[in-house]
Amino acid sequence: MISIALEHPVQDDLALLHARHTEAMHAETPPESIHMLPADALAAPGIRFYVMRKNGEAVAMGALKEITADHAEIKSMHLLAEHRGEGLAQQMLQHLVMEAEGAGYRRLSLETGAENIFAPARALYERAGFQYCGPFEGYKEDPNSVFMTLQIA
């Protein structure tokens, strides 16, 4: 059984997700180009943190960070590697888009890596209708970053 719910980002059973996400972000990306938020920062006001559980086990996470009243950013979306190929990343992304739309956001943006390790993520976002764009709120041009956005309402 798959469930996705709002949860607090700092929980013992989420440590593996956060560790794997951190490891993936640092695998090929220079430190100055990493824009991930640590678990405690994901608990800040204006951030909604979601956990996907498969039979109770935390297998994926994703967050929505408010930029303005009608624009949000996807942060920290990660699926454990052993669950890839099951359609769960697409399900998590669809959930985030629906939650953003339900919250009244009209635009949803994200930053991901330009390195080959991020190619599957970029392909997922492209299939969902995200378009490439320039840097948004607080980001700068960076050869290691790719920016994407989706009009949702």
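Quick check for me: using +1 on Lys/Arg Cβ and -1 on Asp/Glu Cβ, what's the dipole size of the chain about its Cα centre, in debye to the nearest 20?
Numbers: 12 positive and 21 negative charges, 76 e Å.
Computed charge dipole of the chain: roughly 360 debye.
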Notebook entry, point to check: Which one, (i) 57; (ii) 46; (iii) 42, gives percent of Cα pairs over 20 Å apart as derived from the coordinates shown?
Noted result: (ii)
Next item on the list: Select from MET52, PHE118, HIS26 the residue farthest towards the positive end of the dipole of the chain; place +1 on Cβ of Lys and Arg, -1 on Cβ of Asp and Glu, and compute about the Cα centre.
Entry: MET52
Notebook entry, point to check: Once label points are set 7 Å from the Cα along Cα→Cβ at both MET98 and ALA81, what is their separation, rounded to one decimal in nm?
Noted result: 3.0 nm
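Just add up the charged neighbours of PRO30: K/R +1, D/E -1, any other residue whose Cβ is under 12 Å from the Cβ of PRO30.
On the way: positive: none; negative: GLU28, GLU32, GLU115, ASP142.
Result for the neighbourhood of PRO30: -4.
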Note to self: Please list, in order along region 142-150, the HN-Hα scalar couplings obtained from phi with the Karplus expression 6.51 cos²θ - 1.76 cosθ + 1.60 (θ = phi - 60°), rounded to whole Hz, x for Gly and Pro.
What the structure shows: 8, x, 9, 10, 10, 10, 9, 8, 9
Checklist line | Under the Karplus curve 6.51 cos²θ - 1.76 cosθ + 1.60, θ = phi - 60°, whole-Hz ³J(HN,Hα) for region 19-33, x wherever Gly or Pro sits | finding: 5, 5, 4, 4, 4, 5, 5, 8, 4, 9, 9, x, x, 6, 10
Check: aspartates and glutamates within cross-link reach of LYS54: Cα-Cα under 18 Å, excluding same-chain residues under 8 positions apart?
Finding: GLU7, ASP12, ASP13, GLU82, GLU86
Notebook entry, point to check: So what is the calculated 222 nm ellipticity per residue for the chain, using -39500 (n - 2.57) for each DSSP H run with n of 4 or more, over all residues, to the nearest 500 deg cm²/dmol?
Noted result: -8000 deg cm²/dmol
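When the chain is fully extended, how far beyond the present Cα-Cα distance does ASN144 get from GLU66, taking 0.36 nm per residue of separation?
Taking 0.36 nm per residue and subtracting the Cα distance, the gain is 25.7 nm.
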Margin query: Testing the spin-label approximation: label points 7 Å from Cα along Cα→Cβ at LEU6 and GLU126. State their distance in nm.
Written below: 3.5 nm
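Rule-based calculations on the coordinates, nothing more; no lab input. Remember, predicted model here, so these are calculated numbers, not experimental data. With ideal geometry, Cβ positions are generated from the backbone for all residues, glycine too; neighbour counts draw on all protein chains shown.
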